[in-house]
Amino acid sequence: MTAVLDRVEATTAAPPARRPRRRLGDLIVPVFAALAFVYLMVPVAYTVMFSFNDAGKTNLVWRGFTLDNWRNPCGAPQVCEAFANSLQVGVVSTLVATALGTLVAIALVRFRFRGRALTNLLIFLPMSTPEVVLGAALLAQFLTLRVPLGFGTVVAAHVLFCISFVVVTVKARVSSLDPALEEAAADLYASPWQAFWRVTFPLLIPGIAAAALLAFSLSFDDFIVTNFTSGSYTTFPKFVYVSATRGIPPQANVISSFMFVLALAIVVLVQVLGYARSKRLRAPRTTQ
Amino acid sequence: MSIAAALGESVSGDSAPPPRRTAQRAHLVLLGPGLIYLVLFFVVPVGALLATSLYVPVPGGDVGEYQPALHWQNYTDAIAQFWPAILRSFWFAFLATVASLVIGYPLAYAIAVRARGRKLLQGLLLVLVVAPFFTSFILRTIAWKQILADDALVVTLLHWLHLLPADERLTATPFAVVSGLTYNFLPFMVLPIFAALERLDSRLLEAGADLYASPTTTFRTVTWPLSMPGVVAGTLLVFIPAAGDYVNASLLGNNTNTAMVGQVIDARFFKVLDYPTAASLSVVLMVAILLLVGAYIRRSGTEDLL
Amino acid sequence: MTTTASASRADATGSGGAALEIERVTKAFGAFVAVDDLTLTVPSGSFFALLGPSGCGKTTTLRMVAGLEQPSAGTISIGGRDVTGTRAHQRPVNTVFQSYALFPHLTVRENVAFGLKRSRASGIPGRVADGLDLVELGHLADRKPGQLSGGQQQRVALARALVNRPALLLLDEPLGALDLKLRRQMQLELKRIQTEVGLTFVHVTHDQEEAMTMADTVAVMNRGRIEQMGSPAELYELPRTSFVANFLGQSNLVAGTVTERLTKRGLLGVDVRGTRVLVPQARAVRTEGAVLVGARPEKMRLLVGDQAPGRGENVLGPGVVTDVSFMGVSTQYQVEVAGLGTFGVFAQNLLGGATVAVGSTVRLAWAVDFTFGLDGAQARDEGTVDLDDEP
């Protein structure tokens, strides 16, 4: 509860003190930041721009503006199939990784047990292993066991590298929960099961949602591990990489730009709604 | 303190919740599925990788047919043949890490400290930082190829300003590869530093000023040390994937003086079907990174980061 | 399980709270013994305070009663039923947590209804409304806890526990997070509510003033054991250990040896560095050997110059006044007596202002009847407030 209070207090804190005088030095950081944003955005702008390119076979040089690619995003062979595969892999891996990772995160924060250090190490290692090694290890395993490569092996690999990120994200949320909340639920006659579903889980939802989004974006955009574990199965990043040598169809840019705009819109909307909500929540306090 | 110890039980007397009874073994139910998964798809595969790294070709067999052995010479052969690529990987990853720190720290500082108190602005700026992730990693890398192309704006401008000799180019150079790596992993640097700076109590800075520190001194003695956990996390999040990356090297590089170890592993696996060499190189890469990361975490004294 | 809980809750409602019996309970965390062979009975309907410094085992005791910890040994009974081994949600007990632990995702109304819903009680909306009225928060029922002030959150936490009509209400430093003024106000309000609902309250606190204002019975805990138990006045006027003497208010303690027994007058003669001090035998823990002789600062007065002590007064000194603090209603003097240490003396400002200046030579006098004797083996400063220990 004090955490909530602190947050409310932090947001209602006095407005930042006005600086006595603007000096030239004060501008260095904002200007630098603006340049950094330009740096971050230019390649994205290129990607979006080239989705409107009237490209022939290769989409490397600007040949003129057209809407054809957007009218017919599946016009190039395989591009939409690869996209659909990526969505499928992303959704399945996210569901599995989020479920497994959330449970582990709760156990790590709420219980003291033998082997906790080992568990933490097991979570940390996949994150500190380069993708190429993860891919090579999984491929070595699949080759040894003669597992046919395809959708299943790709999902198995994606779940692996997503779990650790889910654990870390959800763990942060669980640690920020006052353990007294669960005790209060137990004290108010809630069985452990009821306490979890009525108190812990609802309070973890923001963390779990963040973890799921992270897992999905990691999975959806993964190339290296996918390349090792997919055999002839094609995901969107793999399709783009493979076609890079003979020319990427502009439809790939269309799909990528579409995803970009969609994700951006959702995230900005969440930000604005969250801000409006926190403002509304704050309002009544000031009247007291 | 080793990583394992660092990851261990927090010392008693900290603010951790009081020890719970584990008689119900509830933690086993929670941990079980996840840990079994990690064992099956991480521990066992790494074992398979180790085993593969010692395989020898089946005598008289086809290309790509190997049999179990303990052929340690695979390692010495792989290192002898590919040490330039291994060293180059770490060098490029190091350069990219330094570059992202130089670009990322001020950016994180601007968002966390300068925009403090303006929640909406902060939120939107953070969205902008991660926005590149919403487009395809590979398409962005290809966009860099276009941006740095011989007849594109950047190179023309540099030639015109005589900052780049007329016969030099940017594509297919180490510069292109490092800038691609920097670009692709920059958000991983910004986010943890932002998180650390955001937690920093602005009253500490005021206290610094109150105790006669100039802004520069306050930064050096208060802000920077307190943001250290974020810097360590950020550098790891950039360095590790950069060291193993081969997309940037293969799309932006030239194969002769830009080849990174990831490219070699990929090629050994898929083009030459030389699994033992690929596996030994993977093991070398993994061990090298774990040693570096362990030493780094220990030196920076931020074990609790994990 | 919920049925057993509600069944005993129904019993409790009739009798207005149930008695709590703790018998020979020990709780160890590894090598650390938090609660050491504790036996305690809280009669039903009483307001009971467990008072002690942080780390004395009071919160652990409370958590064991709530079912949030299990004792390593011993039994806990509520209303005559042994509940040892049952878990928190199975006990007819509710707690007001130190951090309040209000569910941030639920409204005030939903928070208060939480326990009733779990035990499938009937007439929930009415009981929730009554509970909120009791703490005068009916108008805020649809707010989220984050939108309430500290005092309001505290009252919601109280209502959330009370609506269940528990056999036993546990309060874990519930006023710790409030500022001084609000705390005083809430102390009175809690007392009013306890009288109104007639439940058994067990209140854990490190604030001796809070314990004394609210509780009928106070148990002073130290190092996992109960040092002394009794009404606030008993504890204050007749402390039985140096810890209680120092922790509950202030005390002047000096070491001495029993030299004579005046059995007829019921007094002990104690030699304190060459001065004879009398202690009523009934107020002494020991009647021979080394003792600590004590008196409260407000029982002492200063003798200036040749001023003679009254009949039946002990005298010590001379000493030098080292500090004078004017406190409004009283003046607080520090007197240094060579070989005996520093004494505190509170004098009511009946004549207005301080009458003795720093540096004056004075003697100390106090009524024999208010003198108490403690075990000389105990440390003189046991239980004094150490600034580093303040929670």
Vicinal HN-Hα couplings computed from phi for the stretch A:64-78 (Karplus, 6.51 cos²θ - 1.76 cosθ + 1.60; Hz; Gly/Pro x) = x, 7, 8, 9, 4, 4, 6, 5, 9, x, 9, x, 7, x, 6
Just which residues of the stretch B:253-278 lose 50 Å² or more accessible area with every protein chain there, against their chain alone, with the probe set to 1.4 Å?
-> B:PHE269, B:PHE270
With an 8 Å cut-off on Cα pairs and a minimum separation of 6 or more residues, tell me the relative contact order of chain C in percent.
-> 16 percent
A:THR245 versus A:VAL261: modelled label distance in nm, points set 7 Å from Cα along the beta carbon direction = 3.4 nm
Given C:LYS27/C:LYS58; C:LYS117/C:LYS144; C:LYS191/C:LYS299; A:LYS238/B:LYS145; A:LYS238/B:LYS271, the pairs whose alpha carbons are separated by over 21 Å | C:LYS191/C:LYS299
Occluded residues from the stretch A:131-157, i.e. those whose accessible area drops by 20 Å² or more once the chain is not alone (1.4 Å probe) = A:VAL132, A:VAL133, A:ALA136, A:ALA137, A:LEU138, A:LEU139, A:ALA140, A:GLN141, A:LEU143, A:THR144, A:ALA156
Leaving ligands, DNA and RNA out of it, report the carbon-plus-sulfur percent of the accessible area of the protein assembly as shown at a 1.4 Å probe.
-> 61 percent
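Once you have the Cα-Cα distance between B:ARG199 and B:GLN67, take 0.36 nm times their residue separation minus that, and quote the gain in nm to one decimal.
42.1 nm
Taking 8 Å as the Cα distance limit and 6 or more residues as the minimum spacing, I'd like the relative contact order of the stretch C:184-309 as a percentage.
Once divided by the residue count of the stretch C:184-309, the mean separation gives 16 percent.
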In degrees between 0 and 90, to the nearest 10, how far off the longest principal axis of chain C does helix C:124-134 point, with axes built from Cα atoms?
-> 30 degrees
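Could you work out the local net charge near B:THR258, counting Lys and Arg as +1, Asp and Glu as -1, over the other residues with Cβ closer than 14 Å to its Cβ?
Charge balance in the 14 Å sphere: +2.
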What residues of the stretch C:370-385 lie in the reach of a label at C:ALA290, counting those whose backbone N is under 12 Å from a point 7 Å from the Cα along Cα→Cβ?
-> C:375-380
If contacts are Cα pairs under 8 angstrom and at least 6 residues apart, what is the relative contact order of the stretch C:242-382 in percent?
-> 32 percent
Starting from the Cα of C:ASP130, step 7 Å along the direction of its Cβ; do the same at C:THR275; then give the gap between the two resulting points in nm.
-> 6.1 nm
Can you tell which of C:SER325, C:SER44, C:SER72 shows the greatest fluctuation in a Gaussian network model of chain C with Cα springs below 10 Å?
-> C:SER325
Using the Karplus curve 6.51 cos²θ - 1.76 cosθ + 1.60 with θ = phi - 60°, work out ³J(HN,Hα) for each residue of the stretch C:306-313 in order, rounded to whole Hz, and write x for Gly and Pro.
-> 8, 3, 8, x, x, 5, x, 10
Rounded to the nearest 10 degrees, what's the angle between the helix C:150-162 long axis and the longest principal axis of chain C, both from Cα atoms, 0 to 90?
-> 70 degrees
Taking a Cβ-Cβ separation under 4.7 Å as the criterion for a possible partner, which cysteines of chain A have none?
-> A:CYS162
Counting only heavy atoms of the protein chains, get the accessible area per residue of the protein assembly as shown (1.4 Å probe) and round it to a whole Å² value.
-> 45 Å²
Give the longest segment of chain B that steers clear of GluC sites (Glu not before Pro) in DSSP loops with at most 15 neighbouring Cβ atoms within 10 Å, not counting the sites themselves.
-> B:169-306
Residues C:ASP179 and C:ARG261, FRET efficiency given R0 of 56 Å [Cβ-Cβ distance, rounded to 0.05] | 0.60
May I ask for the angle, rounded to the nearest 10°, between helix C:2-15 and the longest principal axis of chain C, with both axes built from Cα atoms and the value confined to 0 to 90°?
-> 50 degrees
A:CYS74 and C:THR361 label points (each 7 Å along its Cα→Cβ direction) are spaced in nm at 11.0 nm
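Under a Cβ-Cβ cut-off of 11 Å, what is the net charge of the residues other than B:ILE111 that fall near it, where Lys and Arg count +1 and Asp and Glu count -1?
+2
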Between A:SER51, A:SER232, A:SER257, which gets the highest mean-square fluctuation from a Gaussian network model of chain A, Cα cutoff 10 Å?
-> A:SER232
List A:ILE208, A:ILE163, B:ILE36, ordered by accessible area with a 1.4 Å probe, largest first | B:ILE36, A:ILE208, A:ILE163
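The values are calculated or read from the model by the stated rules, or taken from the named source; none is laboratory data. Because the structure is a prediction, the values reported are computed rather than measured. Ideal geometry is used to build each Cβ from the backbone, glycine not excepted, and the neighbour counts take in all protein chains shown. The accessibility values were calculated without ligands, DNA or RNA, using every heavy atom of the protein model including side chains. Shrake-Rupley method; radii C 1.70, N 1.55, O 1.52, S 1.80 Å.
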